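For reference, the structure discussed in these notes is given below.
The values are calculated or read from the model by the stated rules, or taken from the named source; none is laboratory data. Remember, predicted model here, so these are calculated numbers, not experimental data. Neighbour counts run over all protein chains shown; Cβ positions are idealised from the backbone, glycine included. What goes into the accessible areas is simple: the full protein's heavy atoms, side chains included, and nothing from ligands, DNA or RNA. Shrake-Rupley method; radii C 1.70, N 1.55, O 1.52, S 1.80 Å.
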Amino acid sequence: MNSTFFSMPAHRSTRRSAHRPVRRSTRRSVAAAAVALAAGPAALLLAAPAHATGDGGGTAGAAVLRTDLGVSLLNKTVNVPLTASLNEVKAPGNAEKTALTVRLDGVEQDNPVSVLRADVATAKATADAHKAEGHVNVAHARVHVPGLPLLSLVEVEKVTSKALCEAGKRPVAQSNVLGAVTVLGRKVTLSAGGPTRVEVPAVGEVTLDLSKTHTTSRTAAATALELKVSVNPLKLNVAEVDGTVTLAAATCESPKAPAAQEPPKEEPKGEPTAPAAPDVQPQTAAGRNLAETGGSSATPYLAGGAALLLAAGGGALAVTKRRRSRDGA
């Protein structure tokens, strides 16, 4: 009697200790199923595509006048360079001057040489992340070179140049020469089909290119007038003047276009699927469109997690019943 009384608790203690690993294992399975179910939709969100965007501002420039001339002197075997510019700006910037004078040693008795005078001479350049633009406007301008103080190299009534570069668009270059043009005292008719050559005896010759424009996929350049000069005044200690004169020049370069971004994908609309009953086989998504079943891209994770939870719950229920039946016995 006594031995039986003391052996029973020992046997029950052994059975309880044997069931504890099973219960712990069941809890771990349920926890693992819950983690897998929670990780499914989160993994989908983290897998969304990433887009990189960059910005790069454009550039622009404008100049009313540029000279690149070589001046040869009579009493010296030297060539004095005449490189000057008027109202030359780079974006962003503005300039407005109507006169340009230079001083060359040994030329015109060392007096300042008036290279350009105009009633209007403006240059403007702007640039940002969306567009870049250069613009020049010149009205009633007279250009001189050393050795010809009373005779204008060229006179124009009005010239304009514009270069526009917008992100993602084809650049545009425009130049216009309006009104009469006079070269070395002679009125000339300019032709858009090619250069115009003007020759004056005992003075020299000038070749003019009218309204030169050039564009690429990202750049544009416009010049109203470009003159190739070769004159020999033989006055004021000047033997010869050679080089180029550019009137009303504008340039630009397009900003970098922003990187294209794909529109966000919309998830199919529908009510969330209820968990399946224990005695019902879960449906698979094979061979069906998710939109037809009313599911979403997270449906496989939900179905798998539900199955794991049901299996774990059923196992725990069976173990509990078995333990109760043995305890009753």
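Quick notes on this structure:
- Test: residue 178 is touching a helix residue (DSSP H, G or I) at 6+ places or on another chain (Cβ under 9 Å) and surrounded by fewer than 20 Cβ atoms within 10 Å (Cβ to Cβ): no
Conditions (1) under 26 Å from residue 252 (Cα atoms); (2) part of a strand (DSSP E or B); (3) not polar (S, T, N, Q), marked per residue:
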| residue | (1), (2), (3) |
| --- | --- |
| 145 | no, no, yes |
| 159 | yes, yes, yes |
| 168 | yes, no, yes |
| 178 | yes, yes, yes |
| 187 | no, yes, yes |
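- Flag if residue 105 is among the charged types (D, E, K, R), at pLDDT 95 or above and open to solvent by 70 Å² or more (accessible area, probe 1.4 Å): no
- Identity of the residue in the range 219-241, touching a strand residue (DSSP E or B) at 6+ places or on another chain (Cβ under 6 Å) and assigned to a loop (DSSP other than H, G, I, E, B), that ends up nearest to residue 75 (Cα to Cα): 237
Quick grid of which residues meet (1) surrounded by fewer than 15 Cβ atoms within 10 Å (Cβ to Cβ); (2) farther than 21 Å from residue 234 by Cβ; (3) modelled with pLDDT under 85:
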site: 64; (1), (2), (3): no, yes, no
site: 68; (1), (2), (3): no, yes, no
site: 75; (1), (2), (3): yes, no, yes
site: 80; (1), (2), (3): no, no, no
site: 98; (1), (2), (3): no, yes, no
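- Restricting the first member to the range 127-153 and to residues that are closer than 30 Å to residue 215 by Cα, and the second to residues that are open to solvent by 40 Å² or more (accessible area, probe 1.4 Å) and not in a strand (DSSP E or B), the beta-carbon pairs closer than 8 Å and six or more apart or on different chains are 127/57; 127/92; 128/57; 129/55; 129/57; 132/57.
- In the range 120-132, residue nearest to residue 229 (Cα to Cα) [restricted to those that are open to solvent by less than 70 Å² (accessible area, probe 1.4 Å) and touching a Gly at 6+ places or on another chain (Cβ under 9 Å)]: 123
- Selected residue (criterion: farthest from the chain's Cα centre (by Cα)) from residues of the range 183-193 that are farther than 13 Å from residue 154 by Cα and touching a residue at least 12 places away in the same chain (Cβ under 8 Å): 191
- Within the range 72-96, residues that are under 12 Å from residue 107 (Cβ atoms) have Cβ atoms under 8 Å from residues that are among the hydroxyl-bearing types (Ser, Thr, Tyr) and open to solvent by less than 100 Å² (accessible area, probe 1.4 Å) in these pairs: 78/72; 79/72; 80/72; 82/67, counting only partners at least 6 apart in sequence or on another chain.
- Out of 231, 188, 203, sole residue that is touching a Ser or Thr at 6+ places or on another chain (Cβ under 8 Å), open to solvent by less than 40 Å² (accessible area, probe 1.4 Å) and within 16 Å of residue 151 (Cα to Cα): 188
- Subset of the range 133-188 (residues that are out of contact with any Gly (no Cβ under 7 Å at 6 or more places or on another chain) and small (Gly, Ala, Ser)): 139, 141, 147, 152, 161, 167, 168, 173, 175, 179, 180, 185
- So residue 223, is it surrounded by fewer than 17 Cβ atoms within 10 Å (Cβ to Cβ), within 16 Å of residue 154 (Cα to Cα) and in contact with a Lys or Arg (Cβ under 7 Å, 6 or more places away or on another chain): no
- Of the residues making up the range 83-106, not one is more than 30 Å from residue 126 (Cβ to Cβ) and part of a strand (DSSP E or B).
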